[in-house]
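Single-structure report; data block below.
What follows draws every value from the coordinates through simple rules; no lab data is involved. Worth saying up front: this structure is predicted, and the values here are computed from it rather than measured. So basically every Cβ, Gly included, is an ideal-geometry build from the backbone, and we count neighbours across all protein chains shown.
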Amino acid sequence: MRLIETDAFPFEFLSRLAERESWRKEVHRPIYHVHKWWAKRLGSVFRGILLGTALPQESDLAAAFYQHHDFRDITVFDPFMGSGTTVGESHKLGFTALGRDINPVAVEAVRTALGPMDQARLRTAFDTLSQHIGKEIRALYSSRDSKGHPCEVLYFFWVMQVPCPGCQKPVDLFPSWVIARNAYPNRKPEVQTLCPACGDIFPGLHGQEEATCRSCQAHFNPDKGPAKGAKAACPHCHASFKILDAVAATGTRPEFRLYGKLVLTRAGAKEYLPATAADHEAYRECSARLKEQTERGNLRLPTLELANGYNTRQAMSYGFTAWRDFFNDRQLLTLAWLHRAIDWIIDESARAALLTLFSGTLEFNNMFASYKGEGTGAVRHMFSHHILKPERTPIEANVWGTAKSSGSFSSLFRSRLLRAVEYRKMPTEVNGPGTAKGRICSPPFTGRVEESWPQDGRLGDRAIYLSCGDSAATGLPDRSIDLVVTDPPFFDNVHYSELADFFHAWRHLTSEAATPADGRTTRSPSEVQDTDAGQFAAKLRNVFRECHRLLKDDGLLVFTYHHSRDEGWKSLAEAVLGAGFVVVNSQPVKAEMSVATPKSQAKEPIQLDIIVVCRKGGVTERQRPSIDHAVESARAKLHRLLATGFELSRNDRKIVLLGQLLTTLGSPEDVENILPFSDVEVGEVTAQKSICQPSLFD
């Protein structure tokens, strides 16, 4: 029996590490953050999972976690590779790792992160870009400060406009007249306020209900703009109207008005200023250059259109029907210049890495990005809500960037690519509380990635194999895999391919990019993502059946999962059992950061993942635990977490219970037996309550 199959598995230890890693995932595990992907899992957790699958039951995980390992004779497969966490952590531990994903954007990002990257060659290529195209881009983000001196622009500020259905005059969709505030307003209460009368920008205080413009003396409430929720009020004729009705009447995406800028003076100070006539003229010149160069065929721009879907519907309702619509003209011009310059780089590995970096830069440089303000990274990227939500007050960042830029190509080169290269040379592990520096516990990454499984079955030490395709049909030999470790998509959650098409629209312009058959989208009918529970279960079952075929008879299928709805757990159970597996145990563990946007907005946020441990049902002889035993096991595990100091929501307690109840099932028909328990009132508990306290579950 492996350690992860037992109740002695120390999930509290992993949860403490996960809590720490979750606050700065991109610092502790930069190799998984070279490019955007969704629902990234924590590297510490997956290192612990992998060790738990390989170590015998009597092992000390806390000690083994910080030791060097060489599991060269064990092969790990991840059929839902995503950002590559399983593959990267397997490589560090010496496993042979196979990663597969149906989405080419994910595969290309992992190939870049784990493949050949040489720091010196990257710097040489970047410096060449900086001296040429970087200089041209920076020139388009220049202006004058309040004293008339030339300066760099950090950010331009825009506002969405719609015509009033009554008087047809344009209405600025400001939710308030406060355009910038500090991330910690109680400590730094100064805000920047836009005057609705004259357009001046002046300082104010957080929470004030009355402001007076320093320029025109207009009095107004800075917290009340023309737009509120789905409606807006026309400042000209005072009519109230639905914003989407006004958008639909135009038959196109809304216009945007440039109204302000944040500049960096020669002295290095920041200034908020209104946009000037010269700023508007500079933008019109960019539009003219874009039109001229596109017509001449000198620039390649996205031509792909959005297809209706769960995550694209909202953007399309606002008239964003093509991926090109997500950018203004200056962004299109500079991004097209940069893309072309990178595509001309001769060094193949440097070109591939910088193209991936370019793709990652897109999420911060579009008209769906917004301003977070001072005190933190200034640009809130377009996927902060995991949806394509049109932004009414977007920010246009300096695409190349300055020394104080956020989300720019140059800043991401330092914070993403170079940080990943450094980590690959000296992979570190997160220490517990009280110790800042991570421990080096693994050899350097090899930087080698194979694209095909060796036909002779001979595997190299620490080999990495990546492929793009449907994991329900891998083409790998029967019983060739020791472990399947993964994080499958969640039922009715983020539809990855719909969002990934944003990157694909630029990616497919590169001749080298591997694209899906029709090239228009990364969507696939086989993608394991569906709002219909039955279809989701069927697709997931198909992948798990393939995993069953690939696994050796003594192999393990281990994956992380959580869901607040019964349908999500029912679908999961049907997929696992229908594929021929049985659940032998489950372990709760801390998941992503508690303040992540989708979680912080939930009434009962889920902060845990459930590690589900499975064996082949046909070769696993075991006595299934009773429901009462499963409830007691869940109660014990919850108290272990509480004793460690974790605060658990009702949904956290619910999923720990459901994870244990999975161990009582022997066939898909048994799933209905556990569903009544999902509605049991689990009540409030504290670490001081007895482990046998009945109010924990009833």
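Helix 277-295 and the longest principal axis of the C-alpha atoms of the chain enclose an angle of approximately 60°. Once both labels are positioned 7 Å from their Cα atoms along Cα-to-Cβ, the gap between D223 and Q208 label points is 1.4 nm. 3J(HN,Hα) along the range 195-211, derived from phi through the Karplus expression 6.51 cos²θ - 1.76 cosθ + 1.60 where θ = phi - 60°, amounts to 7, x, 8, 10, x, 6, 10, 9, x, x, 10, 4, x, 6, 9, 9, 9 Hz, with x in place of Gly and Pro. So how tilted is helix 566-578 from the main axis of the chain? Cα-based, degrees 0 to 90, rounded to 10. On a 0 to 90 degree scale, this one is about 50. Extension gain for the segment D73 to A249, taken as residue separation times 0.36 nm less the Cα-Cα distance, is 56.9 nm to one decimal. A cut-off of 5 Å between modelled amide H atoms, ignoring neighbours fewer than 5 places along the same chain, links E374 with R181, N182, A183. For the chain, the 222 nm mean residue ellipticity estimated from helices alone, with every DSSP H stretch of n ≥ 4 adding -39500 (n - 2.57) and the total spread over all residues, rounds to -9500 deg cm²/dmol. For the residue pairs K135/K389; K25/K552; K242/K270; K147/K404; K135/K291; K36/K616, the alpha carbons lie more than 26 Å apart in K135/K389; K25/K552; K242/K270; K36/K616.
Could you work out how much longer the chain between E451 and K404 gets when fully extended? Use 0.36 nm per residue separation minus the Cα distance between them, nm to one decimal.
Numbers: separation 47, 0.36 × 47 = 16.92 nm, distance 3.95 nm.
Going from the current span to full extension adds 13.0 nm.
Scanning residues 5 or more positions from K231 or on other chains, those with amide H under 5 Å from its amide H are I243, with H placed 1.01 Å from N in the peptide plane. For the range 161-249, the Cα-based Rg and Dmax, in that order, read 14.3, 45 Å. With the simple model of a label 7 Å out from the Cα in the direction of the Cβ, N308 to A473 spans 2.8 nm.
Packing around the peptides 232-244, 13-25, taken as the average count of other Cβ atoms within 10 Å per residue, puts them in this order, highest first: 13-25, 232-244. Cross-link partners for K654 among the aspartates and glutamates, with Cα-Cα distance under 14 Å and sequence neighbours closer than 8 places in the same chain left out: D566, E567, E604, D609, E632, D679, E681, E684, D698.
Taken along the Cα-to-beta-carbon direction at a fixed 7 Å, the label points for S667 and D532 span 2.6 nm.
Once backbone amide H atoms are built at 1.01 Å from N, E429 has R439, I440, C441 as its partners under 5 Å, excluding neighbours fewer than 5 places away on the same chain.
Between R24 and N186, the C-beta separation translates, for a Förster distance of 25 Å, into a calculated FRET efficiency of about 0.60. Considering the zone a paramagnetic label at K425 would reach in this model (a point 7 Å from Cα along the Cα-to-Cβ line), which residues of the range 113-130 have amide N under 13 Å from it? Counting backbone N atoms under 13 Å from the label point, the list is 117-123. Note on D329 and K389: with the Förster distance fixed at 25 Å, the Cβ-Cβ geometry gives a FRET efficiency of about 0.65. Share of pairwise Cα-Cα distances greater than 46 Å in the chain is 24 percent (whole percent).
Using 0.36 nm per residue and subtracting the Cα-Cα separation, the extra length available between C167 and R650 on full extension is 168.8 nm.
Rounded to 0.05, the FRET efficiency of the A197 and K291 pair, given R0 = 30 Å and the Cβ-Cβ distance, is 0.30. Helix 348-361: angle to the longest alpha-carbon principal axis of the chain, degrees 0 to 90, nearest 10? Taking the Cα atoms of the chain, the angle to 348-361 is about 70 degrees.
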